[in-house]
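Everything on this sheet refers to the single structure shown next.
Derivation of every value follows stated rules applied to the coordinates shown; laboratory data play no part. Remember, predicted model here, so these are calculated numbers, not experimental data. Every residue, glycine among them, receives a Cβ derived from its backbone with ideal geometry; neighbour counts consider all protein chains shown.
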Amino acid sequence: MHLRFLSYNIHRAIGVDRRFRPRRVLDVLAHHDADVVLLQEVDDGAPRSREIDLARLISEELDYPFYAVGHNVTLRKGRYGNATLSRFPILRERNIDLTIGARKRRGCQHTTLRLARNGARGPEVEVFNLHLGLSSRERSRQIGLLAHSREFVALDPSRACVVGGDFNDWTLRLDPIFTEILDFRCATRRDSPRNAAFRTYPSFSPTTGLDRIYFRGPLRRLAARTCRLGVARLASDHLPVIAEFEMHDPRGAAR
């Protein structure tokens, strides 16, 4: 089974021109037509985004029948957080609190998806959609919270699992934790001697890769890229990353 994942910090659909224009975000997402979309900084009821429930708007406009939202920050009016949109049924969902002390509230939206196409019932995949903090120490502690959460601890290492989002990790310091300790592979790194993450920030002239997708289990990466649409350089201060996978049977036969 072929799967396309996309991770995108949409910056509340407020572009680098400081204008709230959800249509630009919709155009970017429609172009890539991912099976599973991981969004960060998604407003719900906030005046700055016309009090729109952005997760609902995007899911309805782009025909994603299933979505889950993890609200992390409560504003004077409205709130915002992460949202996972899916073409596949969401069996379970929970927002994992990654807040450290008195720092800004952060979270990771966990969903379990049942892969099904053309009426056929398929395997499940665990998806973790996160947005980490701004300091290095904070981010390391947040990954510790995630790794020790009951959702993560309960996972069989052989189970299909994707972790994506805005890592805010400018220097790839978190990468060894995922690849060497948690046994993930990074889908959004260049195949080059430097092995650098795809550059996604700032969108108009990206210099660093804050947005990533990691995977493990019976998934094989087929391709990965950043968005090259001109509108994406304006729609948000981040570019989305896209990764395509083939889902395999644990015994080795492709599903």
Highest first, please rank the peptides 22-34, 169-181 by the mean number of other Cβ atoms sitting within 10 Å of their residues.
22-34, 169-181
Calculated from DSSP helices alone, with each H run of at least 4 adding -39500 (n - 2.57) and the total divided by the residues of the chain, [θ]222 nm to the nearest 500 comes to -4000 deg cm²/dmol
Please give, to one decimal in nm, the separation of the simple spin-label points placed at residue 151 and residue 246, each 7 Å out from Cα toward the Cβ.
3.0
DSSP-loop chymotrypsin sites (Phe, Trp or Tyr not before Pro) across region 198-241, with at most 15 other Cβ within 10 angstrom
204
With volume of the Cα convex hull per residue in Å³ defined as stated, name the option among [x] 107; [y] 123; [z] 194 computed from the structure displayed.
[y]
Highest GNM mean-square fluctuation, the chain, Cα pairs closer than 10 Å: which of 69, 163, 231?
231
Modelled FRET efficiency - R0 25 Å, residue 137 with residue 180, Cβ distances, 0.05 increments:
0.80
With the charge dipole of the chain built from beta-carbon charges (+1 for Lys and Arg, -1 for Asp and Glu) about the Cα centre, the Cα from 96, 116, 200 projecting farthest to the positive end belongs to 200
Taking the square root of 5 times each eigenvalue of the Cα gyration tensor, what semi-axes in Å does the equivalent ellipsoid of region 139-255 have, largest first?
25, 18, 12
Only four residue types carry charge here, +1 at the Cβ of Lys and Arg and -1 at the Cβ of Asp and Glu. Report the dipole size of the chain about the Cα centre in Debye, rounded to the nearest 20.
480
Using 7 Å Cα-to-Cβ label points, what is the residue 30/residue 158 separation (nm, one decimal)?
4.4
Of the peptides 149-156, 237-244, how do they stack up when ordered by the mean number of other Cβ atoms within 10 Å, highest first?
237-244, 149-156
Quick one: putting +1 on the C-beta of Lys and Arg, -1 on the C-beta of Asp and Glu, what dipole do you get for region 108-152 around its Cα centre, in Debye to the nearest 20?
20
